[in-house]
Amino acid sequence: MTAAMAAALQDGSPRGLFVAIDHPDGTGYFWTGVGSREWNGHTWTGAGVLGSITPIKHSSEIAIQDIVFSIGGIDADTVEGLNDNVRDRIGEVWLACFKWDDSVVPDPYKLVDSELDFQTFDVGEDGTTVVSITAHSGFFTLDRGVEEAWTPENQKLIDPTDTGMDYIPGLQNQDLPWTPT
C-alpha cells in the first residue's frame, strides 16, 4: 500500500470499491457508488445499491475463497444477449479512497485477483434480472487435476534428450531394504 493510500485511510477519507470483470462480451468496470468515475484510464459505472460483492475473507489458511459478484436491475433483452461462458476469466477488486475534491487517491489497494468460474441469472417478478458471477480467489488451482503425468513419454515432449524419467517405471514396485549404516 502506498503512503498516500495509507494516509487517506487513516484520515477517514470516503471509500469505495472498483471492480473489473473480464466478461466475454467486454470488460465491465463498476464502482460501489452512484454515477461514473474516471480512474486508471477507464470510466467506472456506479452500481450503487444494485451491485454487491460477497464479503472478502483473508486468512492464513490455505483455502479456496469463493467470491460472488452480482448486479441487479438488468432487463431481459440485455441478459438474453450475454455470453454465459466466463470460466477462467479474471475479476479484480480495488479499495479506493476519495479526496475531498472527489478525485481518486492515487494507487488504490488491490484486494482481490480472482478467477471467474460461472455465472447465474435470477429473474425477478418485475422482469429484471440479477446477474451473479462466482469466482475463486487465492489458491483456486488446488482443486484442479494436473494436466500432465510424470512419464518418460511426457518428458520426451519437453526435452527429447532427457532420459531420467526412463527409470521411474522400474522403481514403482521396487523393494528397497532400509538398514542403518
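The values are calculated or read from the model by the stated rules, or taken from the named source; none is laboratory data. Because the structure is predicted, anything quoted here is derived from the model rather than measured. We place every Cβ from the backbone using ideal geometry, glycine too, and count neighbours over all the protein chains shown. We work out accessible area using only protein heavy atoms, side chains counted, and drop any ligands, DNA or RNA first. Shrake-Rupley method; radii C 1.70, N 1.55, O 1.52, S 1.80 Å.
Give the range of the longest stretch in the chain that excludes all chymotrypsin sites (Phe, Trp or Tyr not before Pro) found in loop regions by DSSP and having at most 11 other beta-carbon atoms within 10 Å. Write out the running numbers ahead of the final one.
Details: sites that count: W100, W150, W178.
Result for the longest clean stretch: 1-99.
If exposed means no more than 12 neighbouring beta carbons inside 10 Å and the site is in a DSSP loop, what's the longest run of the chain without any exposed GluC sites (Glu not before Pro)? Mind dumping the intermediate values first?
On the way: sites that count: E61, E125, E147, E148.
Answer from the scan: 62-124.
Once the piece of chain linking D101 and V68 is laid out straight, how much longer is it, given 0.36 nm per residue of separation minus the C-alpha distance between them? Don't skip to the end; give the middle numbers.
Working: separation 33, 0.36 × 33 = 11.88 nm, distance 3.19 nm.
Additional length available on full extension: 8.7 nm.
Taking only protein heavy atoms into account and a 1.4 Å probe, give the accessible area per residue of the chain in Å².
On the way: 12010 Å² over 181 residues.
Result: 66 Å² of accessible area for each residue.
Would you tally the net charge around P24, using a Cβ to Cβ cut-off of less than 9 Å, leaving P24 out, and scoring K and R as +1, D and E as -1? Could the numbers behind the result be given before it?
Details: positive: R89; negative: D22, D25, D84.
Charge balance in the 9 Å sphere: -2.
State, to one decimal in nm, how far the label point of L50 lies from the label point of S13, with both points 7 Å from Cα in the Cβ direction.
Using points 7 Å along Cα→Cβ, the separation is 2.8 nm.
Quick check: residue separation of T161 and D126 times 0.36 nm, minus the Cα distance between them. What number comes out in nm?
Working: separation 35, 0.36 × 35 = 12.60 nm, distance 6.59 nm.
Computed gain between T161 and D126 is 6.0 nm.
Using 7 Å Cα-to-Cβ label points, what is the N85/N40 separation (nm, one decimal)?
2.7 nm
Loop sites only, by DSSP: take the trypsin sites (Lys or Arg not before Pro) in the chain that have at most 16 other C-beta atoms within 10 Å and name the longest stretch containing none of them.
Here the longest segment lacking exposed loop sites spans 1-56.
Can you find, among P160, T134, L176, the residue farthest towards the positive end of the dipole of the chain? Put +1 on the C-beta of Lys and Arg, -1 on that of Asp and Glu.
T134
Mind checking the dipole of the chain: about its Cα centre, +1 per Lys or Arg Cβ, -1 per Asp or Glu Cβ, Debye to the nearest 20?
Details: 9 positive and 29 negative charges, 141 e Å.
Roughly 680 debye, rounded to the nearest 20.
May I ask you to work out the translational diffusion coefficient for the chain at 20 °C, viscosity 1.002 mPa s, via Stokes-Einstein with Rh from the Kirkwood sum over Cα pairs, reported in whole µm²/s?
The estimated diffusion coefficient comes to 107 µm²/s.
Let me check against my output: what whole-number percent is the relative contact order of the chain, with C-alpha pairs under 8 Å and at least 6 apart?
Values: 311 pairs, mean separation 38.2, N = 181.
Value for the chain: 21 percent.
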